[in-house]
Structure formats: C-alpha cells, structure tokens
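Enquirer: Quick one: the structure is below, questions incoming.
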C-alpha cells in the first residue's frame with residue numbers, strides 16, 4: 001500500500017506542483033485548500049504524513065496543527081511555509097512538528113525529508129491503519145476518527161487479525177482457528193456474533209463501513 005500524504009495548501013499552483021511531484025515518487029496524495037476541508041479529508045481516511053502550510057484562509061495553520069495533533073497524535077506533520085525566520089522555525093518544532101521546511105524549497109530535498117520521516121515511522125510502527133481507523137498493537141488502543149473505542153480482549157484479537165489481512169476474505173473456520181484455537185465448545189456461529197459486536201463498535205454511525213462480508217465465504221475489512 002502506498003504511503004498516504006495529505007497536502008494542506010491554499011496556493012492552487014503550488015498544491016498541483018506538490019501533488020504531481022509526490023505522485024511521481026509513488027505516494028498516494030490527497031489535497032485540501034482550507035482547514036475545514038483538511039479535517040473532512042482526515043475524517044474519511046487517516047494520513048501517514050501531512051504537509052501543512054501555515055497560511056490558510058479560514059484558520060491559522062498553527063491552530064490547525066494543534067487540532068490535528070490532538071485528534072491524530074501519531075500522524076507525521078511537516079510544516080511547509082514561507083515563514084523563514086529562525087524564531088518561526090524554533091516555534092514550529094517546539095509545537096511538535098516533525099520537520100519544518102521553508103519556501104522556496106528544493107523538490108529533491110522535500111522528497112528526501114518525507115522519505116526519512118516515513119522510514120522513522122516504519123521502524124517504530126506498532127500501528128495498523130485502515131481509512132480513519134487506527135489500532136495501536138503496543139498500547140492495545142483503537143481509535144476511529146480520533147475517538148477511542150473500547151473493545152474486549154477477543155474483539156481486539158479479531159480486529160487485529162482482520163486488519164493484518166485487510167482485503168482478504170477470511171472464512172469462519174480460519175477465524176475460529178486463529179482466535180478460538182478450535183476450542184471444542186465453540187461453534188462457528190460465535191464468529192458471526194463477534195463480527196456483529198465489532199460492527200456495532202467500529203462502523204455504527206460511520207458513513208464508510210469497514211467490516212464487510214462475502215456471502216457464503218466469510219469476512220474482511222477494506223476501505
């Protein structure tokens with residue numbers, strides 16, 4: 001799966017340039033021109049990295065940064081801005097930005113910085129992501145659209161199994177063997193029951209349903 005990058009930039013020419021540049025380097029790119037549209041994009045699907053302009057028409061970029069950090073604390077954010085004073089750079093990094101790049105910039109330097117940032121995330125990655133769902137396998141915390149979802153131990157195991165095989169249809173027998181170890185007192189219909197529990201907690205009230213079924217075969221997750 002290609003790394004997901006969100007460009008938040010109100011300059012349409014620069015936004016197009018960045019989108020084309022990143023696409024050429026095998027990144028999946030989404031764009032937003034305002035803070036409001038950026039938050040809507042993130043509600044639909046989490047990003048691996050965000051390029052954030054600090055001068056936006058509807059909200060200061062610093063305010064948007066703080067809001068994203070609260071809702072999506074593990075998403076890498078690179079500030080990309082014309083504010084080039086040392087004080088601006090220091091404040092940006094102290095706020096928690098993963099990097100700070102000033103305009104104008106060298107395209108090859110931007111790509112290199114993005115790749116370095118994403119490599120660091122890969123080396124420390126304990127997260128499974130699908131759309132706006134994030135499962136931290138280290139802390140056993142599940143969030144959708146930034147909101148924590150409470151799961152039982154068996155629900156955690158089932159969700160992790162589905163996420164590690166996203167897009168692949170898993171039969172009831174496969175799930176039963178993996179999660180319940182073919183316990184003799186457990187019937188295959190328990191899989192349907194727990195899928196129902198997960199759907200209620202993960203998909204209820206969401207426009208995009210992530211937990212799906214293939215009639216006569218089994219279950220899978222996908223966006």
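The values are calculated or read from the model by the stated rules, or taken from the named source; none is laboratory data. Note that the coordinates shown come from a computational prediction; the quantities given were computed from them, not determined experimentally. When we count neighbours, we look across all protein chains shown, and the Cβ atoms used for this are built from the backbone with ideal geometry, even at glycine.
Enquirer: Please enumerate the residues belonging to the range 13-50 that are in a loop (DSSP other than H, G, I, E, B) and touching a strand residue (DSSP E or B) at 6+ places or on another chain (Cβ under 6 Å).
Expert: Answer for the range 13-50, where residues must be in a loop (DSSP other than H, G, I, E, B) and touching a strand residue (DSSP E or B) at 6+ places or on another chain (Cβ under 6 Å): 27, 46, 47, 48.
Enquirer: Could you tell me whether residue 53 is more than 13 Å from residue 114 (Cβ to Cβ) and in contact with a helix residue (DSSP H, G or I) (Cβ under 8 Å, 6 or more places away or on another chain)?
Expert: Taking the combined requirement at face value, the residue satisfies it.
Enquirer: Is it true that residue 173 is surrounded by fewer than 18 Cβ atoms within 10 Å (Cβ to Cβ), more than 30 Å from residue 67 (Cβ to Cβ) and in the same structural domain as residue 70 (by TED's automatic domain parsing)?
Expert: No.
Enquirer: Separate question: Pull up the range 98-121, narrow it to residues that are over 22 Å from residue 28 (Cβ atoms) and either touching a residue at least 12 places away in the same chain (Cβ under 8 Å) or touching a helix residue (DSSP H, G or I) at 6+ places or on another chain (Cβ under 8 Å) (or both), then point me to the one that is surrounded by the most Cβ atoms within 10 Å (Cβ to Cβ).
Expert: Taking the candidates together, the pick is 100.
Enquirer: Just checking, does the range 194-202 include any residue being out of contact with any strand residue (DSSP E or B) (no Cβ under 9 Å at 6 or more places or on another chain) and touching a residue at least 24 places away in the same chain (Cβ under 8 Å)?
Expert: Looking through the range 194-202, at least one residue is out of contact with any strand residue (DSSP E or B) (no Cβ under 9 Å at 6 or more places or on another chain) and touching a residue at least 24 places away in the same chain (Cβ under 8 Å).
Enquirer: Could you grab me the full set of residues in the range 56-97 that are surrounded by fewer than 18 Cβ atoms within 10 Å (Cβ to Cβ), touching a residue at least 40 places away in the same chain (Cβ under 8 Å) and either touching a strand residue (DSSP E or B) at 6+ places or on another chain (Cβ under 9 Å) or on the phi > 0 side of the Ramachandran plot (or both)?
Expert: Hits for the range 56-97 are 71, 74.
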